[in-house]
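Notes follow once the structure below has been shown.
The values are calculated or read from the model by the stated rules, or taken from the named source; none is laboratory data. Keep in mind it's a predicted model, so treat the numbers as computed, not measured. Glycine gets a Cβ as well: all are built from the backbone with ideal geometry, and neighbour counts include every protein chain shown.
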């Protein structure tokens, strides 16, 4: 299934992230046996981190969500959710083999986790096919094309 949307501004990008988080909470769109894995793909400034902020708001994460470019991985415990952990990864500066040394295999197997990976296309040789892929494309200064690909 492929769904394409045009976000007119940051607020709408947050809303798109919130809608995905709500869909994950309700179940049904993730068929894999492990974590709910979301791969965010697109150029710098295309809206990936803003999308994650919207997910975090919907999941009631209190901490400020920033891109973990230098930290590589941020973990947020979830309360009042069917999931217990929200992981936010950024693969922009790291090779796939180095990312996997962080213990991601265990995280990917955890059914109680949501894993959102910025620059997830850089891990395409490691990720299973049953993930949610979201592609971001800058249309102009404010608008973004957001394509959801769910298998």
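Residues of the range 12-30 include none that is surrounded by fewer than 16 Cβ atoms within 10 Å (Cβ to Cβ), in contact with a strand residue (DSSP E or B) (Cβ under 8 Å, 6 or more places away or on another chain) and part of a strand (DSSP E or B).
Please specify each residue of the range 30-50 satisfying the condition of being within 14 Å of the chain's Cα centre (by Cα) and either free of Cβ contacts under 8 Å to residues at least 40 places away in the same chain or farther than 20 Å from residue 139 by Cβ (or both). The answer is 30, 35, 36, 37, 38, 39.
Could you list all residues from the range 113-127 that are farther than 19 Å from residue 49 by Cβ and either within 15 Å of the chain's Cα centre (by Cα) or without any contact (Cβ under 8 Å) to a residue 12 or more places away in the chain (or both)?
Once the filter is applied, which keeps residues that are farther than 19 Å from residue 49 by Cβ and either within 15 Å of the chain's Cα centre (by Cα) or without any contact (Cβ under 8 Å) to a residue 12 or more places away in the chain (or both), the range 113-127 yields 113, 124, 127.
Picking from 39, 75, which residue would you name as being part of a strand (DSSP E or B), under 14 Å from residue 133 (Cα atoms) and modelled with pLDDT of 90 or more?
Working: 75 fails: under 14 Å from residue 133 (Cα atoms).
None of the others qualify; the one that does is 39.
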